[in-house]
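**Student:** The structure follows.
The values are calculated or read from the model by the stated rules, or taken from the named source; none is laboratory data. None of the values given here were measured: they were computed from a predicted structure. We place every Cβ from the backbone using ideal geometry, glycine too, and count neighbours over all the protein chains shown. Accessible surface is based on the protein model in full, side chains and every heavy atom, while ligands, DNA and RNA are left aside. Shrake-Rupley method; radii C 1.70, N 1.55, O 1.52, S 1.80 Å.
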Amino acid sequence: MSVRRFHPFLYGTPVLTPLGRRQGAPCLLHLASRAFTVHSIPIQQPSSLHWEAGAPPEHSGNPTQESPLMILADLHNHTKYSHGGNSPAEMYAAAQAKGLEIIGFTEHSPRPLGFDYTNEYRDKLTRHLPDYASEVLALKAANANGPCRVLFGMEMDWLEGQLDFTLASCAAYDFDYLLGSVHFIGQWGFDDGSEPWKGMSQEECEIQYTRYFEIWERMLASGLFNIAAHPDLVKIFSVEQFHVWLTKPESQALVRRGLAALRQSGMSMEISSAGLRKACREIYPAPPIMVMAAEMDLPISFASDAHVTDDVGYGFARLASYARAFGFKEYTVFDRGQRNVYPI
Ligand SMILES: [Zn+2]
Ligand SMILES: [Zn+2]
């Protein structure tokens, strides 16, 4: 049986728990359609936890597979309060309908002036942030015992030279967890549209990839966030060029430095289906980064980055297959800073 190792000093005690356990929910062991044994962190606790599972859940995946693939937590979801299309309640209902047992709300945090998208939603987001918080917290309270629990998070930007702003944003509410994202290279929102990328040579693209991953490393090393969202977002509009860059040893060394910072900060790496819906048509992160993450035994989390109800839990069977193909067998959920681990 494979053993996934995480940071003992960051990770604490074995934390593989049935979903809902921390909230005193009714027994939810039905979530596991098979008996499983997981070795977690080798400190002062039994070295393994074993549960006999009950009947498979209805949403347990392809019935032709011997071992159903399951991801029951989507930790990256937006609402109509930024550029999404649905209310928290509507997103929650979609998560419940799709059989998820945890939905994490991670609305964008308003950015400071000077960091702008073409269709900037700063004013709307700032005005409605209290609504976002109160609605998500109400959903969380109302569904504390499941069957689908709610986590209250935020997607934070790492903006160069804006540390004080970011610190204040992180402390604005008592979040369950925070996503750390790089959407800006300098003051350029590089994922805001394909136009700036169209005329770029391979060399010009590579300059941007390098800048992105240098910024990414600083974001990861800040220690402010729990999950590294869409790790290679920078490939969004130039995926072919990105893969050329990623074959180079110096590129891989740069990415690896970021992953080491991620590990050092006790974070997990998001595996996101959002890229499948974008121009790159590829999961974030790309296979070479998955290989590095697997070699480093990094914790992972799953996300759809949904902005509308249809995309909640999007492509999760594919994400599970993808992760398992690189040897991952567990994924992480952060809940008020505590890391819980569940089988894929
Ligand atoms: Zn993002
Ligand atoms: Zn997002």
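**Student:** Enumerate the pairs (first residue in the stretch 91-114 and in contact (Cβ under 8 Å) with a residue 12 or more places away in the chain; second residue anywhere and away from ligand 1 (no atom under 16 Å from the Cβ) and of a type in the set (Asp, Glu)) with beta-carbon separation below 8 Å, excluding pairs fewer than 6 apart on the same chain, so at least 6 apart or on different chains.
**Tutor:** Ala94/Asp310; Gly99/Glu58; Gly104/Asp176
**Student:** I would also like to ask the following. Which one of these does Val333 not meet: (1) in contact with a strand residue (DSSP E or B) (Cβ under 6 Å, 6 or more places away or on another chain); (2) in a helix (DSSP H, G or I); (3) β-branched (Val, Ile, Thr)?
**Tutor:** All conditions pass for Val333, except number (2).
**Student:** Still on this structure, I have one more. More than 18 Å from Arg218 (Cβ to Cβ) and either touching a Lys or Arg at 6+ places or on another chain (Cβ under 8 Å) or open to solvent by 10 Å² or more (accessible area, probe 1.4 Å) (or both): is that true of Leu163 in this structure? Give the steps one after another, and end with the answer.
**Tutor:** Numbers: more than 18 Å from Arg218 (Cβ to Cβ): no; either touching a Lys or Arg at 6+ places or on another chain (Cβ under 8 Å) or open to solvent by 10 Å² or more (accessible area, probe 1.4 Å) (or both): yes.
Judged against the criteria, Leu163 is not a match.
**Student:** Continuing with this model, one more query. Hey, does the stretch 237-254 have a residue that's open to solvent by less than 10 Å² (accessible area, probe 1.4 Å) and of a type in the set (Val, Ile, Thr)?
**Tutor:** No, because not a single residue in the stretch 237-254 is open to solvent by less than 10 Å² (accessible area, probe 1.4 Å) and of a type in the set (Val, Ile, Thr).
**Student:** Let me ask something additional. Does at least one position in the stretch 178-191 carry a residue that is more than 16 Å from ligand 1 (Cβ to nearest atom), over 24 Å from Arg336 (Cβ atoms), outside any strand (DSSP E or B) and charged (D, E, K, R)?
**Tutor:** Within the stretch 178-191, the subset more than 16 Å from ligand 1 (Cβ to nearest atom) is 186-187.
Okay, now just the ones that are also over 24 Å from Arg336 (Cβ atoms), so 186-187.
Pick out the ones that are also outside any strand (DSSP E or B) and you get 186-187.
Next cut, charged (D, E, K, R) only: none.
Looking for residues that are more than 16 Å from ligand 1 (Cβ to nearest atom), over 24 Å from Arg336 (Cβ atoms), outside any strand (DSSP E or B) and charged (D, E, K, R), one finds none in the stretch 178-191, hence no.
**Student:** So, in the stretch 192-214, how many residues would count as being in a helix (DSSP H, G or I) and touching a helix residue (DSSP H, G or I) at 6+ places or on another chain (Cβ under 8 Å)?
**Tutor:** Residues of the stretch 192-214 that are in a helix (DSSP H, G or I), as a first pass: 195-198, 202-214.
Retained after the next criterion (residues that are touching a helix residue (DSSP H, G or I) at 6+ places or on another chain (Cβ under 8 Å)): 197, 202, 205-206, 208-210, 212-214.
Going through the stretch 192-214 one residue at a time, the tally reaches 10.
**Student:** If you check every pair at least six apart or on different chains, which have Cβ atoms under 6 Å apart with a residue in the stretch 176-205 that is farther than 22 Å from Gln162 by Cβ and open to solvent by less than 10 Å² (accessible area, probe 1.4 Å) first and a residue that is within 16 Å of ligand 2 (Cβ to nearest atom) and among the small types (Gly, Ala, Ser) second?
**Tutor:** Pairs found: Asp176/Gly153.
**Student:** Moving to a separate point now. Given Ala306, Ala279, Ala323, Ala286, which one is hydrophobic (A, V, I, L, M, F, W, C) and open to solvent by 10 Å² or more (accessible area, probe 1.4 Å)? Please lay out each step first, then the result.
**Tutor:** Values: Ala306 fails: open to solvent by 10 Å² or more (accessible area, probe 1.4 Å); Ala323 fails: open to solvent by 10 Å² or more (accessible area, probe 1.4 Å); Ala286 fails: open to solvent by 10 Å² or more (accessible area, probe 1.4 Å).
After applying the criteria, what remains is Ala279.
**Student:** List pairs: first residue in the stretch 237-252 and more than 17 Å from Arg281 (Cβ to Cβ), second residue in a helix (DSSP H, G or I) and hydrophobic (A, V, I, L, M, F, W, C) anywhere in the structure, Cβ distance under 8 angstrom, at least six positions apart or on different chains.
**Tutor:** Trp245/Cys205; Ser251/Phe213; Ser251/Trp245; Gln252/Leu246; Gln252/Met292
**Student:** All but one of (1) over 30 Å from Glu195 (Cβ atoms); (2) open to solvent by 60 Å² or more (accessible area, probe 1.4 Å); (3) modelled with pLDDT under 95 hold for Glu90; state the number of the condition that does not hold.
**Tutor:** That leaves (3) as the condition not met.
**Student:** In the stretch 96-114, how many residues are in contact with a helix residue (DSSP H, G or I) (Cβ under 9 Å, 6 or more places away or on another chain) and within 16 Å of ligand 2 (Cβ to nearest atom)? Spell out how you get there, then give the answer.
**Tutor:** If we filter the stretch 96-114 for residues that are in contact with a helix residue (DSSP H, G or I) (Cβ under 9 Å, 6 or more places away or on another chain), which is where we start, we get 97-98, 100-103, 105, 107-113.
With the extra rule that they be within 16 Å of ligand 2 (Cβ to nearest atom), the set shrinks to 103, 105, 107-111.
Number satisfying all stated conditions: 7.
**Student:** For the stretch 262-283, indicate whether the set of residues that are under 21 Å from Glu217 (Cα atoms) and without any contact (Cβ under 8 Å) to a residue 40 or more places away in the chain is non-empty.
**Tutor:** Scanning the stretch 262-283 turns up at least one residue that is under 21 Å from Glu217 (Cα atoms) and without any contact (Cβ under 8 Å) to a residue 40 or more places away in the chain.
**Student:** Shifting gears a bit: Limited to the stretch 206-236, what total is found for residues that are open to solvent by 10 Å² or more (accessible area, probe 1.4 Å) and either under 24 Å from Met156 (Cβ atoms) or modelled with pLDDT under 95 (or both)?
**Tutor:** Just the residues of the stretch 206-236 that are open to solvent by 10 Å² or more (accessible area, probe 1.4 Å), to begin with: 206-208, 210-211, 214, 217-218, 221-224, 226.
From what's left, either under 24 Å from Met156 (Cβ atoms) or modelled with pLDDT under 95 (or both): 208, 210-211, 214, 217-218, 221-224, 226.
The number of residues fulfilling the criteria is 11.
**Student:** Filter the stretch 77-99 down to residues that are in contact with a Gly (Cβ under 6 Å, 6 or more places away or on another chain) and basic (Lys, Arg), then give me how many there are. Steps first, answer last, please.
**Tutor:** Let us first name the residues in the stretch 77-99 that are in contact with a Gly (Cβ under 6 Å, 6 or more places away or on another chain), namely 78, 98.
Adding the requirement that they be basic (Lys, Arg) leaves 98.
Number of matching residues: 1.
**Student:** What number of residues within the stretch 101-143 satisfy the criterion of being surrounded by fewer than 16 Cβ atoms within 10 Å (Cβ to Cβ), β-branched (Val, Ile, Thr) and not in a loop (DSSP other than H, G, I, E, B)?
**Tutor:** 1
**Student:** Find all pairs meeting these conditions: Cβ atoms under 8 angstrom apart; at least six residues apart or on different chains; first residue within the stretch 134-145 and at pLDDT below 95; second residue not in a helix (DSSP H, G or I).
**Tutor:** Once the first residue is at pLDDT below 95 and sits in the stretch 134-145, its partners that are not in a helix (DSSP H, G or I) give Asn145/Gly20; Asn145/Gly24; Asn145/Ala25; Asn145/Pro26.
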